[in-house]
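Below is one structure; the comments refer to it alone.
The values are calculated or read from the model by the stated rules, or taken from the named source; none is laboratory data. Bear in mind the structure is a predicted one, so any value in this text is a computation, not a measurement. Cβ placement follows ideal geometry from the backbone for every residue including glycine, while neighbour counts extend to all protein chains displayed.
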Amino acid sequence: MTTRIAVLASGGGSNLQALMDHLDARGSERGGEIVLVATDRPGAGVLERASERRIATATISGTPDSLSRLLEEHGIELIALAGYLCFVPDKVTKKYAGKIVNVHPSLLPAFGGAGMYGMKVHQAAIDAGVRVSGATVHFVDSQYDHGAIIAQWPVPVYPMDDARTLAARVLTVEHLLFPRVVDALAASRIRLTTGNRVSGSVTWQGTNEDQLFAIASSHSAEIAGTIDALLQR
């Protein structure tokens, strides 16, 4: 039996689309099934994407217990935050400890925390002059962007980049990393152990590391050594 997944998002839902496509490609080997897509923003594009797949949708009200009740009603076992901009109530993060994950567009703990989302993250990276940014998938706890890190993928920051060009490069990597982590967690190949440690790892069926490297860095000779070093950790 597959794990029942809820996806929470506030925007257009490109990470939702990547997750749906990945689970479709995995077929009978997928670890989970998306049974609910919820948002805090009526009319968000993520609702249309879900409706096209005949996935149940909901708009979350502002009351602290509304999300908890919604998840219970749909028998949710795993929560994936895909660009969800609201703080998840402690009641939910405690109940789903080790079963709720988020994707963030930087290499946490850099450029994370309250108020750090979307283009704000990428502009902060540009302003700081970093040469490497990336995407992080992590478990969610009672603080923004704080839970145990499951997986990261680095991308270069080029001298000519602005927030938009960096965002596009990071989003491409998010679309690879996020679905694989969610599927692995749904299949219990990854878990959160006592002591807030992550056990297990992500596998890359259908995508080899050479392809991932090309997507992340366009094989830039300027920082290839830096990326190679990060990949060896």
- Among (1) small (Gly, Ala, Ser); (2) surrounded by 19 or more Cβ atoms within 10 Å (Cβ to Cβ); (3) modelled with pLDDT under 90, Ser133 falls short only on (3)
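Of the residues Gly112, Gly118, which is closer than 22 Å to Leu176 by Cα, modelled with pLDDT under 95 and surrounded by 19 or more Cβ atoms within 10 Å (Cβ to Cβ)?
Answer to the selection: Gly112.
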- Task: Report, by residue number, each residue of region 146-183 that is farther than 30 Å from Glu29 by Cα and buried (at least 19 other Cβ atoms within 10 Å of the Cβ).
- Result: Pro156, Val157, Leu166, Ala167
- Which of (1) in a helix (DSSP H, G or I); (2) under 20 Å from Val7 (Cβ atoms) does Gly98 not meet, given it meets every other one? (1)
- Would you mind stating whether Gln152 is farther than 27 Å from Leu23 by Cβ and either in a loop (DSSP other than H, G, I, E, B) or not charged (D, E, K, R) (or both)? no
- Message: I'd like to check something: does region 81-88 contain any residue that is over 19 Å from Ser14 (Cβ atoms), at pLDDT below 95, not in a strand (DSSP E or B) and not basic (Lys, Arg)?
- Response: yes
- Item | Members of region 38-78 found to be without any contact (Cβ under 8 Å) to a residue 40 or more places away in the chain, in contact with a Gly (Cβ under 7 Å, 6 or more places away or on another chain) and either among the charged types (D, E, K, R) or not in a loop (DSSP other than H, G, I, E, B) (or both), listed by number | Gly45, Val46, Arg49
- Checked pairs for region 154-175, first more than 10 Å from Val132 (Cα to Cα), second in a helix (DSSP H, G or I) and among the hydrophobic types (A, V, I, L, M, F, W, C), C-beta under 6 Å and 6 or more apart or across chains, list as Ala163/Met119; Ala163/Ile126; Thr172/Ile215; Val173/Ala216; His175/Ala18
